[in-house]
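Notes to accompany the following structure.
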Amino acid sequence: MVAYVSTTLILITSMLNIKKTTKLKIYVCLGLIVLLFLLTLFLCSGGNIDLIRSVFMEEHTDEELREKLLDLGFRGYATVAILSMLQVVFTFLPAEPVQVLAGLGFGFPIGLLCCAIGVLLGNSLIFILYRIYGDRVREFFFKNLNLDFKRAAESNRVALIVFVLYFLPAIPYGMICFFAASVGMKYPRYITITLLGSIPSICIGVALGHIALVASWALALAIFVILLVLVVIGIIKKDALFAKLNAYIEKAAREKNNVRRCNPVVINLAFAISQIIIRLRGVKVRSVNKLGRQIDSPSIVLCSHGSFIDFIYAGAMIRKKRPNFIVARLYFYHKWLAALIRSVGCFPKSMFTTDFESAKNSLRVLRNGGVLAMMPEARLSTAGVFEDIQPGTYSFLKSAKVPIYSIKLSGNYLADPKWGSGMRRGGLVEAELDILFTAEELKILTVEQIKERVDARLYFNDFEWLKAHPEVHYRNKKLAHGLENILVRCPKCLGYCTLTTHHHDVFCQSCGKLTSLDDRYNFTADVPFDHLSEWYEWQKQLLADEIEGAPEYALTSHVKLRLPSLDGKTMLRDAGEGVCTLNRQGLTYEGTVDGQEKTLSFPMAEIYRLLFGAGENFEIYMGNQIYYFVPDEKRSCVLWYLASMILKDTAQQKSELTTSATLKI
């Protein structure tokens, strides 16, 4: 009864997805210990222990084993089921002796049923263990297996991969079940797939015992030898088999990540809903198509990027062409969000790093006659002014050989700033579509000329734009809320991360109230800046001077590390904590990663900018992986971004000067 109650509580907790607190994990652990203790008592009582010893030690003949099993009555059925369950959970226990015993004692149908029930219970227990303890039991199941589980989880053929794993040698049932649970399957689908996958193996084991019972041991032995030879061949060729499976996994993952055509029904529905929401939030949108027609296909559309929802403004102007937008890979770690944004034609990009998958998808869009839409700044504007573009983007535009259009947005930052708490009523967003390059122009222009025209066209300064629109006034009870996450230096005491905000007011923890924001983002008094962009540029220059005067400059903080979710239910998961250091050599993290002490190094040569979320984190991509760091002082995140920019630009300038001097010599 105690075991039943403990198991029931665990199952209910898992299914309801109750928050996994430390106390809950302790209760679950105690419940499992009680359950296993009671099962052990059962297996060691009433003649069971003699039967189990006989199975594994071969102390009795087949007929004697069968009689012992049948003499146990109901306990015999329960013993076989429990042993089958334990061999799933404890992967070192062999399954075949129990399955053969079941076939020998009960015949094929009943023996198969008993073993299947045991496997079902074992698979369910592993599902519960994963839901409660997650990655803490990963190493127990995944060690010493040369399989790319991460890519397998990313593919759209997970069910087929799970089935294939059951037919490969040296992979315990428990590991396969844990993998299936870790990719975020719901319990009904999980238990169906893992049970069906194990049935062929169970059938073979039970059938061997049944054949020995109704026919002869000679036939059963012959079949066993054939199977043994096949298994031995599989073990010898294990590396080759795993290599082929990994190649298939990689292909399936690539196919899943391939760019898709935008679903017109979904995009039109999303457009209608977004327009309603924007209007209800009190923001007006004015769109001007200077072409007087639809854009051509294939083509590229470049868009300035001041607000998180710029793709809505831009998409509204070109939605009839069903564009494919490039979106930060972070949002694709959540499987349901990924499915949604893929349905409207988006595909992932690891920002500020080499991403071959994204490059191939971009070319695929153009080859298929589509429209590739991108925000080349690759991050939100921090202070309402155009940010720089990574140099490789201009080379890509040169090589594309298709018309390039631009959508310049103005007022979008002020209507919904990166650091703000929601959209501001009274906001106005202007969107202007125009041709930037024809395909013929791209053939004759240099990369530098392309850069000059792109930067000039996409350049924006929302505070300069606002001066030309005196009718625009912003209404929000918390207009200044969040400013402390991009303005980190006090102009009076020069303290770092001392600013706080309340409604429209800005304070310093040392100096008291500094100023307030009016309904046009102007500071009312007491600070030497008209608006936040000037304040931001001032603190950036102070930091640049500080770095220039300190050859050994380093920015250091204790951080929590977050990595991509393993089950796709969230974007990220907690993976460790340690210390991050940014200096002229690059970024270094020293701490734990999934329970192991590690040092992660990101050389400055591989860093363009550290991305950051205002008051949230700073992050860097390497390949398809994001490293998401949350510092203890969250207001400092913008400092990591600014410092990485200054250090990178300084290193680049030094390299160019060295190259120039070398050429002169």
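The values are calculated or read from the model by the stated rules, or taken from the named source; none is laboratory data. All figures in this text were calculated on a predicted structure; none of them were measured in a lab. Neighbour counts run over all protein chains shown; Cβ positions are idealised from the backbone, glycine included. In case anyone asks, the SASA skips ligands and DNA or RNA and just uses the protein heavy atoms, side chains included. Shrake-Rupley method; radii C 1.70, N 1.55, O 1.52, S 1.80 Å.
A few remarks follow.
- Any chance R293 is of a type outside the set (F, W, Y), in a helix (DSSP H, G or I) and open to solvent by 30 Å² or more (accessible area, probe 1.4 Å): no
- Here is the figure for the range 596-614: residues that are of a type in the set (G, A, S) and open to solvent by 40 Å² or more (accessible area, probe 1.4 Å) total 2.
- Some residue of the range 299-307 being open to solvent by 50 Å² or more (accessible area, probe 1.4 Å) and over 19 Å from the mean Cα position of the chain (by Cα): no
- Filtered residue count, the range 362-399, keeping only those that are open to solvent by less than 40 Å² (accessible area, probe 1.4 Å) and not in a strand (DSSP E or B): 21
- Residue list for the range 499-541, restricted to those being open to solvent by less than 50 Å² (accessible area, probe 1.4 Å), touching a residue at least 24 places away in the same chain (Cβ under 8 Å) and among the hydrophobic types (A, V, I, L, M, F, W, C): L499, V506, L514, L517, V527, F529, L532, W535
- Condition check for S421: farther than 16 Å from V301 by Cβ and touching a residue at least 24 places away in the same chain (Cβ under 8 Å): yes
- Condition check for I128: touching a helix residue (DSSP H, G or I) at 6+ places or on another chain (Cβ under 7 Å), in a helix (DSSP H, G or I), modelled with pLDDT of 75 or more and not polar (S, T, N, Q): yes
- Among (1) open to solvent by 20 Å² or more (accessible area, probe 1.4 Å); (2) basic (K, R); (3) more than 16 Å from P376 (Cα to Cα), the one test that K408 misses: (3)
- Enumeration of residues in the range 631-658 that are in contact (Cβ under 8 Å) with a residue 24 or more places away in the chain, in a helix (DSSP H, G or I) and open to solvent by 50 Å² or more (accessible area, probe 1.4 Å): K634, T650
- Screening D567, D545 for residues that are among the acidic types (D, E) and assigned to a loop (DSSP other than H, G, I, E, B) leaves exactly one candidate, D567.
- The residues of the range 544-553 that are open to solvent by less than 50 Å² (accessible area, probe 1.4 Å) and either β-branched (V, I, T) or touching a strand residue (DSSP E or B) at 6+ places or on another chain (Cβ under 8 Å) (or both), listed by number, are I547, Y553.
- Odd one out for R342, checked against (1) assigned to a loop (DSSP other than H, G, I, E, B); (2) farther than 18 Å from L433 by Cβ; (3) among the basic types (K, R): (1)
- Some residue of the range 577-595 being open to solvent by less than 50 Å² (accessible area, probe 1.4 Å), assigned to a loop (DSSP other than H, G, I, E, B) and more than 25 Å from A338 (Cα to Cα): no
- Odd one out for A338 among (1) of a type in the set (G, A, S); (2) touching a Gly at 6+ places or on another chain (Cβ under 9 Å); (3) modelled with pLDDT of 90 or more: (3)
- Subset of the range 400-426 [touching a strand residue (DSSP E or B) at 6+ places or on another chain (Cβ under 7 Å), assigned to a helix (DSSP H, G or I) and among the hydrophobic types (A, V, I, L, M, F, W, C)]: A400, A415
- Scope the range 299-309; condition at pLDDT below 95 and more than 17 Å from L611 (Cα to Cα); matching residues: I309
- Pairs meeting the criteria (first residue in the range 616-630 and within 19 Å of C497 (Cα to Cα), second residue of a type in the set (K, R), beta carbons under 8 Å, at least 6 apart or on different chains) are E616/K634; N617/R562; N617/K634; F629/K560; F629/R562; V630/K560; V630/R562.
- Condition check for L147: within 21 Å of the chain's Cα centre (by Cα) and at pLDDT 60 or above: yes
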